[in-house]
1. Can you order the peptides 91-97, 452-458 by their average number of other Cβ atoms within 10 Å per residue, highest first?
2. Using a 7 Å offset from the Cα along the Cα-to-Cβ direction at both residue 149 and residue 3, what is the distance between the two label points in nm, to one decimal?
3. Run through the DSSP bridge list for the chain and note the antiparallel percent, rounded to the nearest 5.
4. Skipping prolines and chain starts, which residues have an amide H placed within reach, meaning under 5 Å, of the one on residue 165, given they are 5 or more residues away or on another chain?
5. Work out from phi, with θ = phi - 60° and the Karplus expression 6.51 cos²θ - 1.76 cosθ + 1.60, the ³J(HN,Hα) of each residue of the range 90-99, listed in order in whole Hz, and give x for Gly and Pro.
6. Run the numbers on the range 1-103 and let me know its relative contact order in percent, using alpha-carbon pairs under 8 Å that are six or more apart.
7. Let a ≥ b ≥ c be the square roots of the eigenvalues of the Cα gyration tensor of the range 257-370; is it rounded (a/c under 1.5), or, if not, prolate (a/b larger than b/c) or oblate?
8. Within the range 300-346, list the trypsin sites (Lys or Arg not before Pro) lying in a DSSP loop whose Cβ has at most 13 other Cβ atoms in a 10 Å radius.
Amino acid sequence: MADFQLYNTMSRTVEPFAPADGRVVRMYTCGPTVYNPAHLGNFRTFLFEDLLRRTLRLRGWRVEQVMNLTDVDDKIIRRASDQGKTIREVTEPIVEIFHRDREYLRIERAEHYPKATDYIAQMIALVARLVERGVAYQAEDGSVYFAIDRFPQYGRLSRLDTREIRSGARVSQDDYSKENAQDFALWKAAKDEDERSGAAWDSPWGRGRPGWHLECSAMAMDLLGETLDLHCGGIDLVFPHHEDEIAQSEAATGRTFSRVWCHGEFLLIDSAKMAKRVGNVVNVQTLREQGVHGAAVRHLVFGTHYRQQLNLTPEQLDASMQATRRIGNFADRLAAERAGTPELAEAAERLEAEVRAALFNDLNAPQALDALFTFINRANAELDRGGSDVPALERARAAFATVDGVLDLVPRLEADPALAAWVEERLGARKAARARRDFAEADRIRAEIEARGVMIEDTPAGTRWKLAG
């Protein structure tokens, strides 16, 4: 098989990648903090990770993916305190929204979605190892901190100049500026609001709760082992989050925490990073209400390389809607045709080869999209010629299915069960009307169906239907 190349943030180079055991990629991807629905900027990262996951499988490897759900941190506790709720009452509805949005964007389900609050025991054990090894200490405020000056390798991932670090300075909040390199909290002494919101646990250092960075290390190592193949996230997590993960994990185990680090760039709105504090947030629900289907969002995101910033505009969304409509029309035609030409099979072979080459070269999705539309143009031309080569058509179908199994760009709007049952009943009535040559009734039923936003098509293989859009 062809080599697989991936940009490693640690080395700042595109380099060959393969799982350590040659079979299973153990991949950790930082998931959402579930106090607000994830916005489209978050989902740009999750979509790049979905593309990576599918491409790794295309390469022939199995993937064991962990995506954490951060359900305890400063923001969640503040939200719970303001609303008079427990952290679980705040986070559980948001977790449901996340999975609904994930499914809408066709992001494959990871093998594990651990919640931080389910791994408190593992976090306490990790802190204890760090205290025992002398790289963590309990301060006068009762919290336990990681002493970054006792870990000489600190700053490798972010290329931080450690000479600028003020020894002994501490930061206790979960969310702090990139310029703030200080000892970070592993275990935070409980405050009254922590106790009220159900965010405090017993520990050897008293009642408290884990720091944000600690959570990922504990869950990653518990589920995937002390050395991961691949750790992914948004570019904003390089420092401090991933830098701190490396420090606490490697200080505890003496082993490399992750063999490769992979980060996706920002999604911008009017050239500004999408962020809740800026107020330029677009949620998946907003796009759904606007009639933008998940395939169009995938096309939009994959049209820009994951390591380049993507500026979202209405014009780009419209273009992606048109592009995926074209892909959908081609998929329908490919399914309905009965034969092709030898040249169609040649085009199919070229499609698979070019898409594999593009995606195996640091996930070059824009290049893969170019190959797909070149194939659609050529395939349509060959199908227009007619032909009697059935194996060629089957080869084209297989190649298209392989590529769409990774990119997943064919529009499909899912009907609710009640509508689907109604459409099937109406199609049965229409078929009966046509059988008795009552074409006026058949036309009336067709119009009735189409008025509900359903398109029907009569083919030699029978009548097919789909939702318009």
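1. Numbers: 91-97: 16.3, 452-458: 13.9.
Result, highest mean first: 91-97, 452-458.
2. The two pseudo-label positions are separated by 4.3 nm.
3. Numbers: 24 of 48 bridges.
Around 50 percent antiparallel, to the nearest 5.
4. Close amide H contacts, sequence-distant or interchain: none at all.
5. 6, 8, 4, x, 6, 4, 4, 5, 4, 5
6. On the way: 105 pairs, mean separation 29.7, N = 103.
Relative contact order here is 29 percent.
7. On the way: a/c = 3.00, a/b = 1.46, b/c = 2.05.
It is oblate, given that a/c is not under 1.5 and a/b is not larger than b/c.
8. 338
The values are calculated or read from the model by the stated rules, or taken from the named source; none is laboratory data. The structure presented is a predicted model; accordingly, all values stated were derived computationally and were not measured. Neighbour counts are summed over all protein chains in view; Cβ atoms, including those assigned to glycine, are modelled from backbone coordinates with ideal geometry. Just so you know, the surface numbers come from the protein's heavy atoms only, side chains and all, with ligands and any DNA or RNA stripped out. Shrake-Rupley method; radii C 1.70, N 1.55, O 1.52, S 1.80 Å.
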